[in-house]
Amino acid sequence: MPLYLNEDQQMLRDAAREFVGEQMPVAHMRALRDTNDTTGFSRDHWKQFAEMGFTGILIGEDHGGLGLGHVEAGVVLEEIGRNLAPSPFLSTAVAAVAALKGTGAAERWFPGIVSGDTVAALAIDESAKHRASVALKAERSGNGFKLTGAKQFVTHGHVADLLIVAARTSGSANDTDGVTLFAVPKDAAKLTATPERLADANLAARIEFDGVEVDADAVIGEVDAGRSPLDRLLRAGRTGASAELLGVGGGAMDMTVDYLKQRKQFGVPIGSFQALQHRAAHLYAEMEVARAAVLKAQQLLDAGDPKADAAVSVAKAMTGMATTLAVQEGVQMHGGIGMTDEYDIGFYMKRARVLAELFGDANFHADALATAAGY
Amino acid sequence: MTEDTFRTETRAWLEANCPPEMREPVRTDADVCWGGRDQSKLTQPQKDWMNRMGERGWTVPDWPKEYGGGGLNPAETKTLREEMARIRARNPLNSFGISMLGPALLKYGTEEQKKDHLPKIARGEIRWCQGYSEPNAGSDLASLATSAEDKGDHFLVNGQKVWTSYADYADWIFCLVRTDKTNKHNGISFVLFDMATPGVSTKPILLISGYSPFCETFFDDVKVPKENLVGTLNKGWDVAKYLLGHEREMISGMGLGGGSKNPLIEGALATIGVDHDGKLADPLLRAQIAQFEVRSKAFAAMSERFIDELKAGKAHPADPSMMKYYGTELNKSRHELMMAAGGSDALEWDSDRSDGGAAPRAWLRTKANSIEGGTSEVQLNIVAKRILELPGA
Ligand SMILES: Cc1cc2nc3c(=O)[nH]c(=O)nc-3n(C[C@H](O)[C@H](O)[C@H](O)COP(=O)(O)OP(=O)(O)OC[C@H]3O[C@@H](n4cnc5c(N)ncnc54)[C@H](O)[C@@H]3O)c2cc1C
C-alpha cells in the first residue's frame, strides 16, 4: 500500500476539513472557554458528527457504522487538531470503539455511539504520568464486581455516558495479567467525577470509585484478560492522538509561516531573514517525517500487522517531539504577540502539551521501543 | 505476472545467483563495487554478482529494457528491493552513472546518447565522475568558470574542477562548463567526455578520514566532440539541477542505516553492558539512542512515502532537498552515537576492535554528508523558498 492518502481518503479529508474548519474553528473553543462552558464541547456538533457518519467511522457496517480504518479516523482527527476543536471523538469513536469491538459489549454500546447519543471516556491513568500498571481493584460481589480506587486525566469523564475502566481482578499493580476492562455506565452509584480545567481549557476528571457496583456483563472481553482490549484501546488512542498532534503542529506551523510573510521589521518581511527561514524549513522537515510515521502506524494497524505496536510508539513519540517544536517555534517567531491571549498561537502550545502527555509522552514511547529492542 | 509469482521467482533467482560473499555487510571501501573499465581490483564474487544482475537489467530495475534496464514497474521494483534486503544482498553496483547521470540522460539525452551510454552504466562497464564544483564555485555553483570554446566540430575545455569524487578512477566525466560568459545561469552547458582525453589530469586530496576519494581535476585544451553536449547549449543548468535532485535523493538514503541488525544498539550493549533491569548501563546514552531511534524509524517511513510519492508524481520538486537535509543530519548523529557507544575501542585507527578502522573512518566520512551534493544550509534555503514560499532575502 503506498504511503499517501488514496482518493477516497482525500475526499473524506476535504469533507472533514470543511466541516471542522467552518463549524469548529479556534474561535469555537475560545468561546467555550470564555463562557466557562461546563460540558467542554458542543453536543450539537457531536450530533452533526453522527449525521456525517464520523462517530461510527471505526464501527462495522453491520452495526450501522462506516466500517473504515485508522487512516480515516486519523484524517478526521487531524482536522480536529488543526482547529483545536474540543470533541469526544478520540475517546469515544476511536479508543472506546477499539476496546469494545468484537466483544459482547459492542451490541450494547455501539448504537448510542453511532447515533451521537453516547459519549465515552477512558479511565486508564492512575498517576500524573501514563504507566502500564493498574491498581484500581475490582472484587467479585454478588453476580458482578465492586470497583475501588481512583483514576485521573479522564477527558470528558464528568459528562460521559460510558466509562471504560481498567481494573485489577488479580495479581498486583505491575502484573500484565489479572487486568479486566469494564464498561461502566455513568449513573453507577458511589462514583464521583470531579472535573478539572486543564491548561488547554479542556476538562478532564479525577474519578473516585468508592465500591462502585457493576453487573458481570460490564466486563469487556474476559475477566483477567483485559490487556487485550486495553491494548487495542491504547494502540487506537495513541495513533489517534498522534494524528491530532499532527493537526495541532501543522496548524501552528502554517500560522507561523504565514506570519513570517506578513510581519515586517527593518523594512522587510521577517520571513526574508535566513535565520528564521532555516528554522522554519527545519520545522517543516520534522513535521513531514512525523506525518509519514503516523500514516505508517495507521496502515499497519489497519492491516493487523504485528509491527504495528512499534510503529505506534514511533508515531506518538515523533509527533510529540515535532509538534512541541512547532508550537515553541510558533510562539517565539510571533514575538510578543505570540504571548498574548488574544492571539491564537498560544492555544496551540497548550493543546500540544496536553496531547503530548495523553497515552504516554515521547520519553515513555522511546523507552518502550528501547525495551522491546532489548536495551 | 501477479505480484506473488514475481516475488517467488525473484526470491528463487536471487537465492541461486547472489554469491554468499555478497550477503555479508560492507565493511571497508574495498567491499564496495564500482565497476568500470579496470576491473582488476574486483573479487570474483563481486564480478559475478554485478554481471548477473547487470544482464537482467536489475542494477537499474526501473529503467527501460532498451537502455539496459529491467523494465520493472514500481511495485516490482519495490518487491525486488525487499527481496534483496531479505537476504541482505549487497548493492551489486555503486555508480554515479546510475544515481545521477542516468536519470538526467533519460530526460535530456538524445536517442544516440541514451543508446550509447545507458547500457554501459547498467552493466558497470564505464565508471563516471561528476565535474561540478570549482575552487570558486561551491554552494554558488552557477558562478563556475571552466570554459568551453566553440571550435566548430568540438569544444575546447580549459579550467579546473575540485572535490571531484573518484576522478582518478573514473572513465568518463559529466561536466558543467561555461559557454557564455555574459550570462550566469543561462551560460552553462552540460557535457560528457572521456577522462582519457588528452589534457585531463587529476590529483587526489587527502580527507580527514584518511581516505583520498576525491581530486582536483584539471582541463588543459581538452577537445570535447559537439555530440557530447547534453540538452541545449547554454541551458545546462536545467540538466544540472535535475541531476542534483537525484543526487540528493540518493544521499538522503544514508539516513536509513540498513540491514536488520542494528550496529548502534549492538555496539552499545557490547561495550557498556546492561544493568540489573536488563537496560543499557548508561541511562543517558540509552535515552539518546532511543530518541535517535524514534527519528530514524520515522525517517524510514518518510523515505518510503517519498519514494511512493515520487513514483506517483505527487512529490514536490523540492522534496529531495528536505530528504537530503534530514537524512544526512540523521546519519551524522547516528555515527556520533556509535562513537559514544564504542568508547576508546572505536577510536583505534587500524585495529580489529575498530573493525580495521571502519568505525572512526566512517564517523569522519559522514561529516561530508551534509556538505556534498549541496550543504544542509543550501537545502534549507531551497525548502524555505520553494516549499514554504518565504520571501527572498
Ligand atoms: C565527500 C565529498 C564529495 C564530493 N563530491 C563531489 C563531486 O564528485 N563532484 C563535485 O563536483 N563536487 C563534489 N563535492 C563538492 C560539494 O558539492 C561542495 O563541497 C559543496 O557544494 C559545498 O561547496 P564548498 O565546499 O565550496 O563550500 P562553500 O560553498 O564555500 O560553503 C561554506 C559554508 O558556507 C555555507 N553557505 C554557503 N552559501 C550559503 C548560503 N547561501 N546560505 C547559507 N549558508 C551558505 C555553506 O553551507 C557552508 O557551511 C563533494 C564534497 C564532499 C565533501
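The values are calculated or read from the model by the stated rules, or taken from the named source; none is laboratory data. Computed from a predicted model, the values in this text were never measured in an experiment. Neighbour counts are summed over all protein chains in view; Cβ atoms, including those assigned to glycine, are modelled from backbone coordinates with ideal geometry. With ligands, DNA and RNA removed, areas are computed over all heavy atoms of the protein, side chains included. Shrake-Rupley method; radii C 1.70, N 1.55, O 1.52, S 1.80 Å.
Tabulated data for the structure shown
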{"read-out": "Conditions (1) within 12 Å of chain A (Cβ to nearest Cβ); (2) without any contact (Cβ under 8 Å) to a residue 12 or more places away in the chain; number of the one not met by B:Ser351", "value": "(1)"}
{"read-out": "Residue satisfying all of: in segment A:292-308; open to solvent by 10 Å² or more (accessible area, probe 1.4 Å) and either acidic (Asp, Glu) or at the interface with another protein chain (Cβ under 8 Å from one of its Cβ atoms) (or both); nearest to the chain's Cα centre (by Cα) among these", "value": "A:Leu295"}
{"read-out": "Residues of segment B:18-32 satisfying the condition of being buried (at least 17 other Cβ atoms within 10 Å of the Cβ) and not in a loop (DSSP other than H, G, I, E, B)", "value": "B:Met22"}
{"read-out": "Filter result for B:Ala341 (more than 7 Å from chain A (Cβ to nearest Cβ) and aliphatic (A, V, I, L, M))", "value": "yes"}
{"read-out": "Test set (1) within 14 Å of chain A (Cβ to nearest Cβ); (2) surrounded by 19 or more Cβ atoms within 10 Å (Cβ to Cβ); (3) in a helix (DSSP H, G or I); (4) modelled with pLDDT of 95 or more - B:Ser370 fails condition number", "value": "(3)"}
{"read-out": "Filter pass, B:Lys324 being buried (at least 17 other Cβ atoms within 10 Å of the Cβ), within 11 Å of chain A (Cβ to nearest Cβ) and within 16 Å of the ligand (Cβ to nearest atom)", "value": "yes"}
{"read-out": "Residue match in segment B:33-43 (condition: in a helix (DSSP H, G or I) and either open to solvent by less than 30 Å² (accessible area, probe 1.4 Å) or free of Cβ contacts under 8 Å to residues at least 60 places away in the same chain (or both))", "value": "no"}
{"read-out": "Out of A:Ala275, A:Ala370, A:Ala292, A:Ala310, sole residue that is modelled with pLDDT of 95 or more and either under 20 Å from A:Leu90 (Cβ atoms) or in contact with a Phe, Trp or Tyr (Cβ under 9 Å, 6 or more places away or on another chain) (or both)", "value": "A:Ala292"}
{"read-out": "Inter-residue pairs, beta-carbon under 6 Å, first open to solvent by less than 50 Å² (accessible area, probe 1.4 Å) and in segment A:263-275, second away from the ligand (no atom under 16 Å from the Cβ) and aliphatic (A, V, I, L, M), 6+ apart", "value": "A:Ile270/A:Leu260; A:Gly271/A:Leu260"}
{"read-out": "Given (1) outside any helix (DSSP H, G or I); (2) in contact (Cβ under 8 Å) with a residue 60 or more places away in the chain, number of the condition A:Arg206 does not satisfy", "value": "(2)"}
{"read-out": "Selection from segment B:373-393 of residues that are more than 13 Å from the ligand (Cβ to nearest atom) and either in a loop (DSSP other than H, G, I, E, B) or at pLDDT below 95 (or both)", "value": "B:Leu388, B:Glu389, B:Leu390, B:Pro391"}
{"read-out": "Residues of segment B:137-163 classified as open to solvent by 60 Å² or more (accessible area, probe 1.4 Å) and more than 8 Å from the ligand (Cβ to nearest atom), total", "value": "5"}
{"read-out": "Filtered residues of segment B:286-321 (kept if within 19 Å of the chain's Cα centre (by Cα), under 15 Å from A:Ser313 (Cα atoms) and more than 8 Å from chain A (Cβ to nearest Cβ))", "value": "B:Ala300"}
